[in-house]
Amino acid sequence: MRRYFGSVLFWPVVASTSAVLAAYLFMPRSHRSFDLLFLADTTLVFLFFFASIIVSQMTKNLRSSEERLRFAMEIASHGFWDWDLKSNKVYFSPQWARSLGYQPEEIPGVFETIEALIHPDDVERTKAAIQAHLSGKAPVFHVENRLRMKSGQWRYNECVGKVVEMNRTGQPMRIVGVDKDISYKQAIHHEHAARKTAEAANRAKEDLMSLVSHDLRSPVSTVLAAVEVLRQKDIGEDVQSQALNMIDRAAKMQLMLINDLVDWARIRKGKFNLCRRQTRISEVIQTAWDAVRLSADQKSISFQCHLDPRAEEVVADPERLTQVFWNLFSNAVKFTPEGGRITVQAIARDHDVLISVRDTGRGLERDALENIFNPYWQKDAGDAEHLGGLGLGLYIVREIVERHGGSIKAESHGANTGTSFTIELRDCIELPFREKNNSLHH
């Protein structure tokens with residue numbers, strides 16, 4: 001019986017029935033009649049009372065449920081909000097305001113309040129997430145953004161919301177959501193990223209030291225071996241010439257390694273300076289090619305150079321620019337097979353100069369193209385051992401080009417398709433030279 005007396009419908013039924021009986025009992029006896037009209041009226045009265053009580057009870061239960069939900073949201077998060085899309089008014093819970101350092105009365109109850117507190121870089125992303133949910137593309141509104149606190153600091157915030165009311169046509173009318181402070185998660189993320197960066201830097205230093213210890217000893221060993229050959233008596237001119245060539249190549253390799261280390265240290269300390277002056281591109285390219293000509297001739301690699309007369313004179317550091325092309329030519333000779341070809345082309349475009357260095361070598365895969373300008377990077381583990389170098393050459397090349405205000409990019413279509421490096425030197429042609437060349441062409 002307790003189960004029935006506790007039912008939501010029990011007492012409304014009792015009250016409605018009692019009302020009908022009371023009306024009948026207090027009715028004059030002359031009017032008491034159970035004709036069809038009286039029965040219909042009585043039924044309507046009964047249904048009216050019954051429906052009224054049910055609706056009242058449901059409304060009470062709904063309000064109670066909403067209050068419990070609101071209380072749960074308050075406890076489980078830093079606060080929640082309730083946005084009426086029709087009026088554009090927003091209810092912000094007191095805890096929501098206090099989590100940002102504000103008092104509840106300091107927060108205007110309109111959507112523009114949220115928009116004003118969101119970090120400018122996160123506004124469009126937040127609006128896009130809201131629109132995706134309102135249009136039905138996302139089941140919930142979920143976004144991470146930054147909110148400005150009263151102190152002026154930015155709080156990392158996770159926002160989750162959902163449409164809870166629609167009109168008859170299915171248009172969203174109301175959306176509720178909660179905001180949660182996730183600054184601690186961002187702190188952990190940044191700490192983890194910093195740790196990974198530090199670990200990568202330590203590994204890079206270890207790799208560099210390993211390469212240095214090997215590569216700096218290798219040329220010295222070659223020189224010592226050649227000296228021992230030269231100390232022998234009655235050696236022929238051919239043997240003597242080979243020994244001298246060994247010493248020459250080893251000395252140049254040693255100088256290259258030392259120069260790379262010195263330049264790497266200067267770049268890291270911010271002391272890598274340029275000395276710009278009027279420079280002839282043809283002389284720079286020729287000087288760089290002469291340094292690798294012997295190695296290229298030994299592999300029968302041909303060299304072609306096509307220079308636009310308008311790109312002949314530029315304002316640049318000739319020594320550093322020579323270093324750029326020497327590195328590119330040196331790599332091209334190393335990785336181009338016998339009988340290959342290296343082509344250089346320079347063209348002027350307005351007051352900029354584009355210079356490309358192409359080879360017919362082994363080419364590069366996509367992952368190599370993404371890492372080729374990173375310090376200490378080698379395409380294969382055996383590159384450093386068999387071809388020499390610390391993996392700093394192209395890193396230094398990029399630094400030199402960028403410090404000239406230019407850019408460099410590498411292109412390749414995969415293995416055995418060759419590699420192309422394109423250098424863009426911006427605003428490097430002096431105005432008098434431009435006017436002089438323009439007058440010659442007109």
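Couplings 3J(HN,Hα) of region 130-144, computed from phi: 4, 5, 4, 6, 5, 8, x, 6, 10, x, 9, 8, 9, 7, 10 Hz, in residue order, whole Hz [Karplus 6.51 cos²θ - 1.76 cosθ + 1.60, θ = phi - 60°; x for Gly and Pro]. Here region 232-323 has 49 percent of its accessible surface on carbon and sulfur atoms, given a 1.4 Å probe and all protein chains in place.
Ordered by packing density, taken as the mean number of other Cβ atoms within 10 Å over each peptide's residues, highest first, how do 168-174, 398-404 rank?
Values: 168-174: 10.7, 398-404: 19.6.
Result, highest mean first: 398-404, 168-174.
Karplus-based coupling profile of region 185-202, in residue order and whole Hz: 5, 5, 4, 5, 4, 5, 5, 5, 5, 5, 5, 5, 5, 5, 5, 5, 5, 5, with θ = phi - 60° in 6.51 cos²θ - 1.76 cosθ + 1.60 and x standing for Gly or Pro. Of the cross-linked pairs 137/185; 86/127; 89/185; 252/299; 150/196, those separated by over 24 Å at the C-alpha level are 137/185; 89/185; 150/196. Backbone amide hydrogens, once placed in the peptide plane, bring residue 110 within less than 5 Å of 90, excluding anything fewer than 5 places away on its chain. Leaving ligands, DNA and RNA out of it, report the carbon-plus-sulfur percent of the accessible area of region 103-144 at a 1.4 Å probe. Percent of accessible area from carbon and sulfur atoms in region 103-144: 57.
The values are calculated or read from the model by the stated rules, or taken from the named source; none is laboratory data. This is a predicted model, so every value here is computed, not measured. All Cβ positions, even for glycine, are placed from backbone atoms using ideal geometry, and neighbour counts span all protein chains on display. Heads up: the accessible areas ignore ligands, DNA and RNA and are worked out on the full protein's heavy atoms, side chains in. Shrake-Rupley method; radii C 1.70, N 1.55, O 1.52, S 1.80 Å.
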